[in-house]
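**Student:** Pasting a structure here, questions to come.
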Amino acid sequence: MNLAASPLAEAAPAKVNLALHVTGRRDDGYHIIESLAVFTRFGDRLQAFAAEEDGLAVSGRYATGAPADGRNLIVMARDALRNAAGSRNAFPVAIALEKNLPVASGIGGGSSDAAAALRLLSRIWGLDIDAVELAGIALSLGADVPMCLAAQPLVARGIGENVEPLPAVPSLGLVLVNPGVPVSTPQVFSALRKRDNEPLPPLPARIDFHSLRNWLEATRNDLEAPAREIQPAVADALRALKRADAGFARMSGSGATCFGLYETGNVAKRAAAAIRARHPDWFVAATRTTTAETAP
């Protein structure tokens, strides 16, 4: 690929569903959810260059799990945005993806990559595109992509497209743990025994570590039970987090990645080191969540 000298870069942060309630299912088969989601400082990273022809190169720890062709959501995002912008304005680009997040792991890796591509290419192409149109393009790529486009603390409803940003959520210490097993999202949803569960309870008036932990105790991830049946290693990840004194631990999304909530980033780092020592082959990352002010 013929790369320009000064690439533009964009973060593709991990998406963590702190709570995920499945409240129904539409006639077209899409499940209706309510989810409190946050995004982390750790994740994938994209760079884009003006080039003579389009291209995608993938590097990083989990590069082997991410296709570099039309199956990748980044390529789909590029083509969808170019179609909306008009090919005259959207010159060829070479995109480089640093894949740091496990594939099919419940933390929105592919969806966040697609959202980052939309943000990045809007900049590199200098597009005058409003947030509503960009969100519509995001939704055409997948139900998780609109919330990943926002990339800040939020409540998502509907199939994930109705996004309510939460400006008052502080940065939280998290440890992400994946025992090295992929979990199929369609398989998890198919295994759900109940699809008309209660919605999220009202959020606390003031959100901090303690009030959020207490609120989480009254919530669920309705996908966790079927995911644990399909992949028992999810339970191993949760046990590891609890052994490392997580203030709260739960599976994110459809799994198998689990998160532990910690009061400070330093405590999270120590916990991650302890888990990594016991399970050197697992994906383990200590991070903090972004806020409305620090979102990409």
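The values are calculated or read from the model by the stated rules, or taken from the named source; none is laboratory data. It should be emphasised that the depicted structure is a prediction, and the values quoted were computed from it without experimental measurement. Glycine also receives a Cβ, built like all others from the backbone with ideal geometry; neighbour counts cover every protein chain displayed. Areas reflect the complete protein model, heavy atoms only, side chains present, ligands, DNA and RNA absent. Shrake-Rupley method; radii C 1.70, N 1.55, O 1.52, S 1.80 Å.
**Student:** Given Cα positions, please report Rg to Rh for the chain, the hydrodynamic radius being the Kirkwood one.
**Tutor:** Answer for the chain: 0.96.
**Student:** Around Pro102, with a cut-off of 11 angstrom between Cβ atoms, what is the net charge of the other residues, counting Lys and Arg +1 and Asp and Glu -1?
**Tutor:** Result for the neighbourhood of Pro102: +1.
**Student:** Accessible area per residue, 1.4 Å probe, Å², for the chain: what's the number?
**Tutor:** Dividing the accessible area of the chain by its residue count gives 43 Å².
**Student:** Sticking with this structure for a sec: Loop by DSSP (not H, G, I, E, B), at most 12 other beta-carbon atoms within 10 Å: where is the longest site-free stretch of the chain for trypsin sites (Lys or Arg not before Pro)?
**Tutor:** Of all site-free stretches, the longest is 89-192.
**Student:** log10 I(q)/I(0), Debye, Cα-only region 34-185, no solvent, q = 0.09, 0.21 Å⁻¹?
**Tutor:** Summing over Cα pairs of region 34-185 leads to -0.28, -1.43.
**Student:** Now, a different point. Scan region 245-294 for chymotrypsin sites (Phe, Trp or Tyr not before Pro) in coil per DSSP, keeping those whose Cβ has at most 12 other Cβ atoms within 10 Å, and list them by number.
**Tutor:** none
**Student:** Label region 11-54 by shape, choosing from rounded, prolate and oblate, from the square roots a ≥ b ≥ c of the eigenvalues of the Cα gyration tensor; if a/c is under 1.5 it is rounded, and otherwise prolate applies when a/b is larger than b/c, oblate when it is not.
**Tutor:** Because a/c hits 1.5 or more and a/b fails to exceed b/c, region 11-54 counts as oblate.
**Student:** In a GNM of the chain with a 10 Å cut-off on Cα contacts, which of Gly180, Gly158, Gly65 has the highest mean-square fluctuation?
**Tutor:** Gly65
**Student:** Based on Cβ point charges of +1 for Lys and Arg and -1 for Asp and Glu, what charge dipole magnitude is obtained for region 172-238 about its Cα centre, in debye rounded to the nearest 20?
**Tutor:** My answer is approximately 80 debye.
**Student:** Could you please state, rounded to a whole Å, how far the C-alpha centre of region 148-172 is from the C-alpha centre of region 222-296?
**Tutor:** 20 Å
**Student:** Could you work out the relative contact order of region 1-132? I mean the mean sequence separation of Cα pairs under 8 Å and 6+ apart, divided by the number of residues, in percent.
**Tutor:** Computed value for region 1-132: 32 percent relative contact order.
**Student:** Placing +1 at every Lys and Arg Cβ and -1 at every Asp and Glu Cβ, with all other atoms neutral, what dipole size does region 197-296 have around its Cα centre, in debye to the nearest 20?
**Tutor:** Dipole magnitude for region 197-296 comes out near 400 debye.
**Student:** Roughly to the nearest percent, how much of the accessible area of the chain is carbon and sulfur, given a 1.4 Å probe?
**Tutor:** 50 percent
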